[in-house]
Amino acid sequence: MLKIEDFASFRRVATPFYYYDIDLFRQTAEKVAELSERTGIHVHYSLKANSDRRLNDILSSKGLGADCVSGDEIDYAVSCGYNPKKIFFAGVAKSDKEICQAFQVGIGAFVVESLEEIEIVSDIARRLGRRAPMSLRINPNIDPHTHHYITTGLYEDKFGISDRSFDEAVAMVKDNPYIDFFGLQFHIGSQIMEVEDVIRLECEKVNDIVKRFESTGLVVRNIDLGGGLGVDYDDPDGHPIPDFETWFRTISDNLERRPDQTLHIEPGRSLVAQSGSLITEVLYVKKGENKRFLMVDAGMNDLIRPALYGAYHKIENVTAFYEDNNSRDTRVYDVVGPVCESSDCFGKERSLAKSRRGDRIAIRSAGAYGQVMASRYNMRPFAPSVYSDRIAEAPKRKDYFAEVD
Ligand SMILES: Cc1ncc(COP(=O)(O)O)c(C=O)c1O
C-alpha cells in the first residue's frame, strides 16, 4: 500500500495530483549515485521520463548528467543545474533550431541517429564555425524482450544507424573537421526485466561493434549503453528501488573497456517510476449491466500509459486502508476516467476494497512517462505535483457548496 504519513492532510489535497515520495526518490537517486561512483559508470538521467523541477534539482545535485531529446529539454536541464558538458542530445529528428540551441549551451555530445543527420549537424557546425562533439547511435538489432512499443534497437525501428551502414558512417565522420568524434551510443528498449541476459547480450554486441569501429582508425572514447532498466509494476512495494546493482554489475562484468574509455548509461524510468503515484478521487460507483465501474476524477489525459500501451499500473483504495483499517470487503471494478474515449481506462477487472464516492485511489508506479505525457484533452487542467514532505503546501480541495446561496 502507498505509504502516507499523514492521511488527514493528504485527504484535504485537491485531486487529481501526482504524489511523489521524496524519501524513496532520494534513496533511489543516492543508490544510483553511489553505484556510479563505485563502478565509474557515468549516469545521465533521461529527462523525458519526468521533468518535475524538484526531482531534477535533486538528481543534478547528485552530480548526474542528463539525456535530452529536444532543445527545450536542454535549456530546462541547464536551468535545473545539470552541467552542460554532461548533457547528451539524442532524438531522431532534431530541428536546425534545436541543433543551434545545443551548440549555444555547449552540450557534451550530439547523439546522431542517421547518416542524413551526420551531414546536417556537421554542416551547421561548419556554418557556426564550431566542431560538433558527436556520438553515433547504433542500432544493434537486439530484442530486449519488452513491449513492442518500447523496443528501439531492431532493424525495423526508426532509431539509430544500422550496423549495415557502418562504412558510410565512418567515412562521413573520419577526418571531418567539423566533427569531434565522441563515441558510440546504444539504447535497445525500455522496461527490460531480463536484465542479466539482455544486458549481457547487449554488451557482447557492443564489444564487437566497438572493435569494428576502431579497426577503421576511429577511437571510441565514450560508450553509452542507453537506459532501459525495468521496474516492478505488479509489486511496487516489494521492489521500490529497481535492481540497479544487477544492471551496473552486468555491465561492469561484460563490457570491455580500456582506461581511456568512459562508460555512460541513461536511465529514465528506473529512477522515477516507483516514487510517483497518480492520486484520484472516486466520483461515482456505477453499476453497469455486466460490470461495476469506479469512475474517478483523473483521466487518460493525466496518465496515458494504459491507453497508449495497455500498460499495467497497480491500483489501490488508500482511503479504505488508512481510514477503515483495510476492513472493507473487496469488489471487482473497471477503473475509468471522465474523458470521452473508451480507452480512458486505468485497469479492467481490478479487485479493490469496496469503494465509495469520495474515496482516494492511488495509481502506483506512475512517476515515469506519467505527468510528462499529460495533455489538456477535454480542456481538463494539468494534475500538479505534490511532495510527501510538503503536503501542507499543496492546493486544498475547495468546499464548493459553501459558495452556493
Ligand atoms: C536514447 C534513450 N536513452 C534513454 C532512454 C530512457 O529509457 P528508460 O526510461 O527505459 O530508462 C530512452 C527512452 O526512450 C532513450 O530513447
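The table that follows gives values for the structure above.
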read-out: Any helices (runs of 4 or more DSSP H) falling wholly within the range 244-319 and containing at least 3 residues that are modelled with pLDDT of 95 or more and within 16 Å of the ligand (Cβ to nearest atom); value: 244-254, 269-272
read-out: Sole residue being under 19 Å from E245 (Cβ atoms), surrounded by 15 or more Cβ atoms within 10 Å (Cβ to Cβ) and polar (S, T, N, Q), chosen from S46, S36, S51; value: S36
read-out: Pair list, Cβ < 6 Å and 6+ apart or interchain, from the range 53-71 residues that are over 18 Å from P384 (Cα atoms) and of a type in the set (S, T, N, Q) to residues that are away from the ligand (no atom under 16 Å from the Cβ) and modelled with pLDDT of 95 or more; value: S60/C80; S60/G81
read-out: Conditions (1) assigned by TED's automatic domain parsing to the domain that holds F248; (2) over 18 Å from the mean Cα position of the chain (by Cα): number failed by G65; value: (2)
read-out: Test: residue in the range 220-239 that is among the charged types (D, E, K, R), outside any loop (DSSP other than H, G, I, E, B) and within 16 Å of the ligand (Cβ to nearest atom); value: yes
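The values are calculated or read from the model by the stated rules, or taken from the named source; none is laboratory data. Given the structure is predicted, the values throughout are model-derived calculations rather than measurements. A quick note on method: Cβ atoms are made from the backbone with ideal geometry, for glycine too, and the neighbour counts reach across all protein chains shown.
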